[in-house]
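Step one of this worksheet: look at the structure below.
The values are calculated or read from the model by the stated rules, or taken from the named source; none is laboratory data. What you are looking at is a predicted structure, and each value in this text was computed from that prediction instead of being measured. Here Cβ is always computed from backbone atoms with ideal geometry, including for glycine, and neighbour counts include all displayed protein chains.
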Amino acid sequence: MASGWAPDGAVQDQIDDSVSDAVRLARSRLPTGPGETHCQHCGQEIPEARRVAMPGAVLCVDCQSRQDRPAFASAYNRRGSKDSQLR
């Protein structure tokens, strides 16, 4: 239920617009263009299926996975309860 002078559904419209803007921004940051036929890191051939699915790809799946993996992972569950950290 909207309050004041806002029409019904105004809050949902604002949420939808925010999500659409975030999706548009994320898509604009994706690489474009022909990409590479061989991985820039290891030199292995990038499969045709990956090049079609991800235009502008310059790394093979293995190298991209290693690059996307966080460098440091904490052994502590910082979001859970203290009981879960004691186990």
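The table that follows gives values for the structure above.
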| item | result |
| --- | --- |
| Tabulated pairs, region 8-25, first of a type in the set (Gly, Ala, Ser), second modelled with pLDDT under 95 and outside any helix (DSSP H, G or I), C-beta under 8 angstrom, 6+ apart or interchain | 9/2; 10/2 |
| Members of region 1-27 that are in a helix (DSSP H, G or I), exposed (fewer than 12 other Cβ atoms within 10 Å of the Cβ) and at pLDDT below 90 | 27 |
| Candidates 35, 56, 43, 9, filtered to the one that is touching a helix residue (DSSP H, G or I) at 6+ places or on another chain (Cβ under 7 Å) and on the phi > 0 side of the Ramachandran plot | 35 |
| Single unsatisfied condition, residue 80 versus (1) outside any loop (DSSP other than H, G, I, E, B); (2) modelled with pLDDT under 90 | (1) |
